[in-house]
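Okay, so here's the structure we're looking at.
The values are calculated or read from the model by the stated rules, or taken from the named source; none is laboratory data. Not measured: the values here are computed from a predicted model. When we count neighbours, we look across all protein chains shown, and the Cβ atoms used for this are built from the backbone with ideal geometry, even at glycine.
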Amino acid sequence: MKIKINENDLDVKLDNEKTAGEVIANIGSWLSDSGHRISEICVNGQVIASSKIDETFKKEIKDIESISIQTAAVAELTAACIINLLEDIKEYDGLNFEKKTVFFNEWEKSATAAFLHAEIPDLYAFCVSTFSRGDMAVNTLVSITEEIQREVNEPLKELEKLEQIVNEICEKLINLPLDIQTGKDIQAAKTIQVFSAVTEKLLRIFRQVDIQGYMTDTEGKKKLFALITEFGKIIKDLQESYEKKDYVLVGDLTEYEASPKLKELYIVIRENCQNKTEL
């Protein structure tokens with residue numbers, strides 16, 4: 001059986017795969033690690049329609065002469081998806097009240113919704129909030145979508161712009177214990193909220209610079225994944241202590257753990273991007 005990806009022969013040895021589905025699933029997993037997704041599948045020279053996917057995947061390898069796969073970069077798919085989403089938001093905003101109430105039922109079946117659900121679940125949740133429940137204002141959803149669009153289109157510039165914000169929130173985290181002790185509850189809550197938003201943005205940018213090929217140092221990526229795992233544990237401990245109102249522990253975690261680790265994570269991401277494009 002011949003296998004091609006983007007018209008190039010794939011030199012691969014099949015091991016335990018018995019069906020087309022098993023072969024394609026393994027290829028899809030490999031492509032995902034390199035920042036690509038399957039956009040079209042041809043089996044024995046025939047393009048497989050979505051309605052025929054299940055039937056085709058059950059075919060045994062012995063009955064297949066060739067599999068040809070076309071791919072698209074995740075970043076390109078994401079950029080196109082976001083453009084479509086902005087058009088969807090514009091359409092929704094122009095509807096009357098009655099049509100708005102049923103808009104989500106059709107939108108959630110769209111390719112845009114499916115892609116967001118799989119690739120950007122946070123943004124998908126915001127869309128649900130706007131289109132389904134009306135909890136989030138349209139302008140807010142547009143602002144969030146455009147921010148993510150910038151992260152996809154120019155991740156290095158967004159990373160560079162984030163430096164001052166990271167430094168500011170790290171300073172506020174250091175001062176958080178004093179805010180709590182002096183009864184500045186609103187300021188303390190805002191610091192936690194901003195810290196959460198900055199962390200989410202940094203991780204989104206990290207994903208983009210990774211899948212777009214700006215990080216090619218394997219050892220550097222290993223260090224980053226270890227840092228992210230460690231940072232995740234700190235965030236979990238911080239959330240639990242904040243919910244329990246254990247403000248002494250909250251102060252210790254923000255000052256001695258969250259603040260230095262967030263700054264370290266930002267610095268390591270930047271250092272590992274230097275090998276392709278100077279910031």
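Numbers for the structure displayed
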quantity: Candidate set: segment 223-246, residues that are basic (K, R) and part of a loop (DSSP other than H, G, I, E, B); chosen: the one nearest to Q187 (Cα to Cα); calculated: K245
quantity: Residue satisfying condition, being touching a strand residue (DSSP E or B) at 6+ places or on another chain (Cβ under 9 Å), more than 30 Å from F126 (Cβ to Cβ), surrounded by 10 or more Cβ atoms within 10 Å (Cβ to Cβ) and touching a residue at least 60 places away in the same chain (Cβ under 8 Å), within set I69, I24; calculated: I69
quantity: Every pair of residues 6+ apart whose Cβ atoms lie under 7 Å, when the first sits in segment 188-203 and is in a helix (DSSP H, G or I) while the second is among the basic types (K, R); calculated: T191/K172
quantity: Criterion violated by L162 - all others in (1) modelled with pLDDT under 95; (2) in a helix (DSSP H, G or I) satisfied; calculated: (1)
quantity: Residue among L173, L249 that is part of a helix (DSSP H, G or I), without any contact (Cβ under 8 Å) to a residue 24 or more places away in the chain, among the aliphatic types (A, V, I, L, M) and in contact with a Ser or Thr (Cβ under 7 Å, 6 or more places away or on another chain); calculated: L249
quantity: Residue within segment 117-125 that is assigned to a helix (DSSP H, G or I), among the charged types (D, E, K, R) and modelled with pLDDT under 95 present; calculated: yes
quantity: One residue from E146, E119 being in contact with a Leu (Cβ under 9 Å, 6 or more places away or on another chain), surrounded by fewer than 15 Cβ atoms within 10 Å (Cβ to Cβ) and either in contact (Cβ under 8 Å) with a residue 24 or more places away in the chain or not charged (D, E, K, R) (or both); calculated: E146
